[in-house]
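Please read the structure below before turning to the comments.
Coordinate-derived values only; no laboratory data. Values in this document were obtained by computation on a predicted structure and should not be read as measured data. Using ideal geometry, Cβ is built from the backbone for each residue, glycine included, and neighbour counts are taken over all protein chains shown.
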């Protein structure tokens, strides 16, 4: 398929068909904690189902991942990835359908293009581009989900905490001697 043959993604996934609440991340990350945080944007049909299967099979994988379910990774916006970094994520996984098997035809290809764009932006601002990565899997690949999370966790730990993470008020106050301060929680 040449670049000219790829249809406009807005024609494939109309914004009115996907409620905004379906893609609004809603979890707490403790900014500045010693733990690593990986945000995983997962497509509903494949990667999210693979994560669910991994849980059903009781496969072990690092607890550092926070899953955000999307109707399709094609709905993922560059700003959502950058927002995750801004709010304390050390790494971002984008997990979608196998290439050529997207339920919305080319959503995962659009996501891959956006991931490459974010990697370019991260490199331009002096961050490691590998803090954001794309994975493809089908709904029956629970083991691959566990392996992808373990791989991403090991990679992010090797890179270290994101330089964008701000120290929590608790840590700032601890340096001043006030150890009873409440931990900071960022909403993404």
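Report, to two decimal places, the Cα Rg of region 34-187 normalised by 2.2 N^0.38 Å (N = number of residues). Display every interim value, and only then the final one.
Values: Rg = 16.5 Å, N = 154, 2.2 N^0.38 = 14.9 Å.
Scaled against compact globular proteins, the figure is 1.11.
Per-residue Cβ neighbour counts within 10 Å put 43, 97 in the sequence 97, 43, beginning with the fewest. Legend: ranking of residues 151, 99 from fewest to most surrounding C-beta atoms inside 10 Å; resulting order 99, 151. Modelled this way, with points 7 Å down the Cα-to-C-beta line, the labels at residue 35 and residue 98 are 3.4 nm from one another. Each of residue 125 and residue 157 was given a label point 7 Å from its Cα along the Cα-to-Cβ line. The distance between the two points is 2.7 nm.
Based on Cα contacts under 8 Å between residues 6+ apart, region 34-187 shows a relative contact order of 31 percent. With neighbour counts taken as other beta-carbon atoms within 10 Å, the residues 52, 90 rank, fewest first, as 52, 90. Along Cα→Cβ, 7 Å out, is where each label goes; now give me the distance between the ones at residue 86 and residue 56 in nm to one decimal. The two pseudo-label positions are separated by 3.7 nm.
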